[in-house]
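I have placed the structure first, in the form of structure tokens, so that the comments after it can refer back to it.
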Amino acid sequence: MSLQDFITGLPKAELHVHHVGSASPRIVSELAARHPDAGVPAHPESLREFFTFRDFAHFIDVYLAVVDLVRTPEDVRLLTYEVAREMAEGQNLRYAELTCTPYTSVVRGIAIQDYTEAIEDARVAAERDFGLVLRWIYDIPGESGIPAADATVEYALRHRTDALVGFGLGGPEIGVPRAQFRPHFDAARAAGLRSVPHAGETTGPETVWESLRLLGAERIGHGVSAARDPELLAHLADTGVVLEVCPTSNIATRAVDRIEDHPLRTFVDAGVTVTINSDDPPMFATSLNHDYEVAAGLLELDEQGVADLARVAVDASFAPDDVKARIRGEIDAYAAG
């Protein structure tokens, strides 16, 4: 069996993957056909060109254009269920923490009650139909500032379901200081949600430090620039704070120039716990399987090393203990042949 085939069949969990950002050309095409006035091309070939990013700012523009296709509760339900289908059938995912940004849907006219009902209906159906356990992370779109943060923490606390496990912060980092969101993370953490902000993707190590000290981060989304600060690497290793590494995404958004320059090995050599993730896979022409292949190449891993990566993702997840035990057992059985 080739390493690629091994990875394809390996049971996996994913911790850093976005709800709207997981919409494949097939799903986007269906949504674009429903809403032709949005200006998003419905033809797959045109979509490939549409998803070719010049830089991180352009990625945000494209991402928000796709967000604008999700206008009704039926759109939310379709997106969620079809993303789950592709995760389970294409990537052999058993568990995923899907980062949702309800604010961007609510400001487009979907009531938070309807949004919540739609993702929950899709979640229950996905577990029944595909055996995929989904959990939610609600994140603040940083570019929308304090109003978005106020709304998101209200959604998280007043419209919470048992499947909501984490509270995050996404969007551009430049010009969006972490400190302003401290009260929102304090409230979310007090309610038992876990802190998982993005940091250090397009800014320096200081953004990661702010996320740790001010937002109580238990996992860091990306954390690319942490590699430039030995003290920070040592702190991450000592405290067990996990980096959610997204190799292909970092190249696509120009956070890293070349895959050979990616700091994944630097993190591992420093003793930092890392998980491998796809972030916004169709938008970056990647998949979790592909990012595992990239990580295996950067870290020179064999099948057992790749299986260890899968185990770390399960252990670093916020899944219930029985789900963790079941998936670890599946990984162990698969790795043993």
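Values quoted throughout were computed directly from the atomic coordinates according to the rules given, and no laboratory measurement underlies them. In this text the structure is predicted, and so the values were computed from the model without any measurement. Quick reminder, even Gly has a Cβ in these numbers, built from the backbone with ideal geometry, and neighbours come from all protein chains shown.
Here the dipole of the chain is about 560 debye; that uses its Cα centre as origin and unit charges on the Cβ of Lys and Arg (positive) and Asp and Glu (negative).
Applied to the stretch 106-118, the Karplus parametrisation 6.51 cos²θ - 1.76 cosθ + 1.60 on θ = phi - 60° returns per-residue 3J(HN,Hα) values of 5, 5, 8, x, 8, 5, 4, 5, 6, 4, 4, 4, 5 Hz, with x for Gly and Pro. When only the Cβ of Lys, Arg, Asp and Glu is charged (+1, +1, -1, -1), the dipole of the stretch 282-337 relative to its Cα centre reaches about 180 debye. Shown in residue order for the stretch 87-102 are the 3J(HN,Hα) couplings computed by the Karplus curve 6.51 cos²θ - 1.76 cosθ + 1.60 at θ = phi - 60°: 4, 6, 7, x, 10, 6, 6, 9, 8, 8, 9, 8, 7, 10, 10, x Hz (x for Gly and Pro). For the stretch 233-337, trypsin sites (Lys or Arg not before Pro) are listed when DSSP marks them as loop and at most 12 other Cβ atoms sit within 10 Å of their Cβ; the list is 258. Close amide H partners of residue 164, meaning residues 5 or more places away or on another chain with modelled amide H under 5 Å apart, are 136. A simple rule links phi to the HN-Hα coupling: the Karplus curve 6.51 cos²θ - 1.76 cosθ + 1.60 with θ = phi - 60°, which for the stretch 319-325 gives 5, x, 4, 5, 5, 4, 4 Hz, with x for Gly and Pro. Rounded to the nearest 500, the 222 nm mean residue ellipticity of the chain from helices alone is -16000 deg cm²/dmol, with -39,500 (n - 2.57) taken per DSSP H run of at least 4 residues.
The stretch between residue 239 and residue 328, if pulled fully straight at 0.36 nm per residue, gains 29.7 nm over its current Cα-Cα span.
Along its principal axes, the chain has C-alpha extents of 48, 44, 41 angstrom, given from the largest down.
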